[in-house]
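For reference, the structure is listed below as structure tokens.
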Amino acid sequence: MSGGVAPALVSALAGHTNTINKVLLVPNDTALISVSDDRSLRVWIKRSSGEYWPSVCQTLEWCVSAMAMDDFHLFVGLDSGAINHYKLTEDLNRVTLLRVYTAHNMRVSALLYDAQSEWLLSAGKDKTFHWHGESGRRLGTYRAGAWCLCLAFDKLSKIAFIGDYGGAISMVTLETADKFRLITTLKGHLGSVRDLSWDDTHQRLISCSADKSIFVWEIGEGKGKAIELNAHADRVNSIAYSDEHKKLFTFAEDRKMVVWNLLTERKQCPLWEESNECQLCNGPFFWNVQKMWQERDVIFKRQVMNMK
């Protein structure tokens with residue numbers, strides 16, 4: 001964790017009456033946009049005093065669960081599974097609905113927009129990941145084994161990272177507009193993957209989970225290395241990475257924000273070794289019934305972790 005000066009509260013914005021699901025900065029940091037389960041989309045303009053004041057409050061028919069932005073174009077995911085495409089005026093005083101994507105059958109969990117390929121990426125609780133083209137046409141679908149909860153995207157390699165409720169992270173290459181390939185599945189979290197962040201500079205993926213842990217996956221080296229960070233006492237719901245300062249910010253339900261200095265050298269986290277015998281005494285675990293019966297012995301010791 002960072003040993004520097006503690007962050008100071010600048011201001012607090014009041015207005016939402018339910019869970020806030022996403023907050024984004026508009027170009028030039030002149031405003032904030034927030035969406036919430038109270039069914040509202042709000043635009044907050046930054047005044048000369050440095051404080052933010054409400055400018056737009058758009059109430060929708062469904063809870064607003066996700067959001068992505070490109071320039072002044074807003075993509076808003078809804079609890080119904082639909083995605084609304086809005087245009088925000090440059091004076092930040094009005095939003096206009098341009099298109100509605102019929103994307104998912106359940107709540108939209110995460111959205112990303114890639115301006116280079118003009119793809120809109122979406123993940124939903126219907127266990128699907130979609131990507132759409134500029135015209136709004138669906139280009140492809142990947143089906144996961146559990147609710148898809150979060151996304152990250154490497155624009156250079158066109159690899160999408162999809163975190164799911166089962167604790168897995170799928171690495172999917174979008175090879176062409178309508179073709180994809182599952183590269184591998186990253187497994188390490190014992191709870192649902194809540195958020196993902198991609199570090200373009202160092203080619204690493206950062207994930208957080210309901211198991212209270214944060215993982216830093218060294219994807220670029222191709223060695224499958226992972227570093228585990230632990231400081232929270234409850235589910236970690238959100239992460240934010242600053243490439244300029246090499247700082248990672250993590251936010252959890254223990255009501256704490258932790259700042260990590262990723263320049264600090266850390267040891268690679270150990271991986272579980274699957275076995276029917278204890279690696280300490282070679283005795284059978286309780287599920288290894290045949291050997292347990294032969295040796296008339298029951299071992300309840302937990303497996304030790306194998307460093308690879």
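Readers should treat all values here as calculations from the given coordinates under stated rules, not as data from a laboratory. Every value quoted in this text rests on a predicted model; they were computed, and no experiment measured them. Cβ atoms come from the backbone with ideal geometry, glycine included; neighbour counts cover every protein chain shown.
Observations on the structure shown:
- The gain in end-to-end length when the SER48 to GLU61 segment is fully stretched comes to 1.3 nm, 0.36 nm per residue minus the alpha carbon separation.
- With the cut-off at under 11 Å, measuring from each backbone N in segment 190-214 to a point 7 Å along the Cα-to-Cβ line of LYS256 picks out no residue.
- 10 Å beta-carbon shell around CYS150, net charge (K/R +1, D/E -1): -1
- The gain in end-to-end length when the LYS247 to THR102 segment is fully stretched comes to 48.5 nm, 0.36 nm per residue minus the alpha carbon separation.
- Sequence ranges 116-124, 96-104, ranked by mean other-Cβ count within 10 angstrom, highest first: 116-124, 96-104
- Along its first, second and third principal axes, ordered by size, segment 136-190 spans 34, 22, 15 Å in Cα coordinates.
- Under the combined filter of DSSP loop state and at most 15 neighbouring Cβ atoms within 10 Å, segment 1-84 retains these trypsin sites (Lys or Arg not before Pro): ARG47.
- Here the extension length gained between ARG138 and ALA240 equals 33.8 nm, from 0.36 nm per residue of separation less the Cα-Cα distance.
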